[in-house]
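The values are calculated or read from the model by the stated rules, or taken from the named source; none is laboratory data. Values in this document were obtained by computation on a predicted structure and should not be read as measured data. Don't worry about glycine lacking a Cβ; one is built from the backbone with ideal geometry, like all the others, and counts go over all protein chains shown.
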Amino acid sequence: MQDAFLTERSVRYDIKGRKYIDTPSKYYFEDLGLRNARLNFRQVEKTHLMENLIYNELRLKGFTVDVGQVTINTKNADGKSERKYLEVDFVCNKGYERIYIQSAFALPTEEKQEQEYNSLRQIKDNFQKVVIVGGLQPTYRNNNGILILNIYDFLMKENIV
């Protein structure tokens, strides 16, 4: 399907270790209409469609796009150390420019916001961090410096990211 330009592969990238990981990649459809037709219009999940749309738009804007992974060490309820892996939806590179992007269809609760912001807060470099949200909520920057951007501004404004 990649050779026929129906799908495109996005490789996993360890952000803290700065290396590519040989784990399962993610695949995105080049054309969402063909995707829906191939699946006989059965899986119309807005979250997946929005993520695929963002991926395609980033590629159109000239970015190379990888799937990011951040490793954190935490303690469980018993006090034992454990390693957790958090995903960053997109690690976008163009020349010396890098942007970390999360795709969130909605951020209705503080728990959901925490889930989306947590992986971005774990990245300790100074590149831009963005959460793209479906709907018409206003674009703003939160207290952690993360840009909360609605999907319409992302798609319509030229140099928003």
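So the values come out like this:
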| item | result |
| --- | --- |
| Set Q122, Q113: member being surrounded by 15 or more Cβ atoms within 10 Å (Cβ to Cβ), over 24 Å from L155 (Cβ atoms) and in contact with a Leu (Cβ under 8 Å, 6 or more places away or on another chain) | Q122 |
| Meets criteria (within 30 Å of Y152 (Cα to Cα), among the charged types (D, E, K, R) and either surrounded by fewer than 17 Cβ atoms within 10 Å (Cβ to Cβ) or in contact with an Asp or Glu (Cβ under 8 Å, 6 or more places away or on another chain) (or both)) for E82 | no |
| Selected residue [among the polar types (S, T, N, Q) and within 21 Å of G145 (Cα to Cα)] from Q69, Q43 | Q69 |
| Candidate set: the stretch 57-70, residues that are closer than 16 Å to L155 by Cα and touching a strand residue (DSSP E or B) at 6+ places or on another chain (Cβ under 9 Å); chosen: the one surrounded by the fewest Cβ atoms within 10 Å (Cβ to Cβ) | G62 |
| Number of positions in the stretch 10-21 that are at pLDDT below 75 and either more than 22 Å from Q122 (Cα to Cα) or surrounded by 11 or more Cβ atoms within 10 Å (Cβ to Cβ) (or both) | 2 |
| Every pair of residues 6+ apart whose Cβ atoms lie under 7 Å, when the first sits in the stretch 32-55 and is under 15 Å from S10 (Cβ atoms) while the second is surrounded by 12 or more Cβ atoms within 10 Å (Cβ to Cβ) and of a type in the set (D, E) | E51/D89 |
| Matching residues, the stretch 17-42, being in a loop (DSSP other than H, G, I, E, B) and touching an Asp or Glu at 6+ places or on another chain (Cβ under 7 Å) | I21, E30 |
| Selection from the stretch 101-123 of residues that are touching a residue at least 40 places away in the same chain (Cβ under 8 Å) and closer than 24 Å to T74 by Cα | I101, S119, Q122, I123 |
| Count - residues of the stretch 124-152 that are in contact with a Gly (Cβ under 8 Å, 6 or more places away or on another chain) and closer than 17 Å to V88 by Cα | 1 |
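Table: residues versus (1) in contact with a Cys (Cβ under 8 Å, 6 or more places away or on another chain); (2) modelled with pLDDT of 85 or more; (3) buried (at least 16 other Cβ atoms within 10 Å of the Cβ); (4) among the hydrophobic types (A, V, I, L, M, F, W, C).
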residue	(1), (2), (3), (4)
F5	no, no, no, yes
K26	no, no, yes, no
N36	no, no, no, no
F41	no, no, no, yes
L49	no, yes, yes, yes
Y55	no, yes, yes, no
I72	no, yes, no, yes
